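The values are calculated or read from the model by the stated rules, or taken from the named source; none is laboratory data. Everything numeric in this text was worked out from a predicted model, so none of it was measured. Cβ sites come from the backbone with ideal geometry, for glycine too, and all protein chains shown count toward neighbours. Only protein heavy atoms, including side chains, enter the accessible area calculation; ligands, DNA and RNA are left aside. Shrake-Rupley method; radii C 1.70, N 1.55, O 1.52, S 1.80 Å.
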Amino acid sequence: MTTKIKTKYRNIEGQEDGHLRILDEKFKGVAVSVGKVSIDGSGDEESATLSYDYDILEVPEGIEINEEFNQLLGDIIVDMLETKLKDNPGSLRFNDNSEN
């Protein structure tokens, strides 16, 4: 992930982690609250599937939430996870639901 994605969002000050304001030109001003995030790596060893829940907090008039928005939000969530893993790995909670 490039550092360019960091210019496309910011945390909403005064709110808990996961409350974001989108700065990307196409979706500028959209505010979301990201909930549960999961990564399923049970497929092949080279890829994983990212799943996440989110609530829209605010959408400026004229902006449509679509698949392109979902892709951007997914990229932002990956960036947030990578940053937390690098800066403070203890801040993430992992739950392995695999059945062995």
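I'd like the full set of residues that are open to solvent by 100 Å² or more (accessible area, probe 1.4 Å) and modelled with pLDDT of 85 or more, limited to the stretch 56-100.
Those that are open to solvent by 100 Å² or more (accessible area, probe 1.4 Å) and modelled with pLDDT of 85 or more: Glu61, Glu64, Glu67, Gln71, Lys86.
Limited to the stretch 37-50, what total is found for residues that are surrounded by 11 or more Cβ atoms within 10 Å (Cβ to Cβ) and either out of contact with any helix residue (DSSP H, G or I) (no Cβ under 9 Å at 6 or more places or on another chain) or on the phi > 0 side of the Ramachandran plot (or both)?
Residues of the stretch 37-50 that are surrounded by 11 or more Cβ atoms within 10 Å (Cβ to Cβ), as a first pass: 37-41, 48, 50.
From what's left, either out of contact with any helix residue (DSSP H, G or I) (no Cβ under 9 Å at 6 or more places or on another chain) or on the phi > 0 side of the Ramachandran plot (or both): 38, 40-41, 48.
Count: 4.
What do you reckon, is Arg10 basic (Lys, Arg), open to solvent by less than 80 Å² (accessible area, probe 1.4 Å) and without any contact (Cβ under 8 Å) to a residue 60 or more places away in the chain?
No, not satisfied.
Is there a residue in the stretch 29-36 that is open to solvent by 60 Å² or more (accessible area, probe 1.4 Å), at positive phi and free of Cβ contacts under 8 Å to residues at least 24 places away in the same chain?
no
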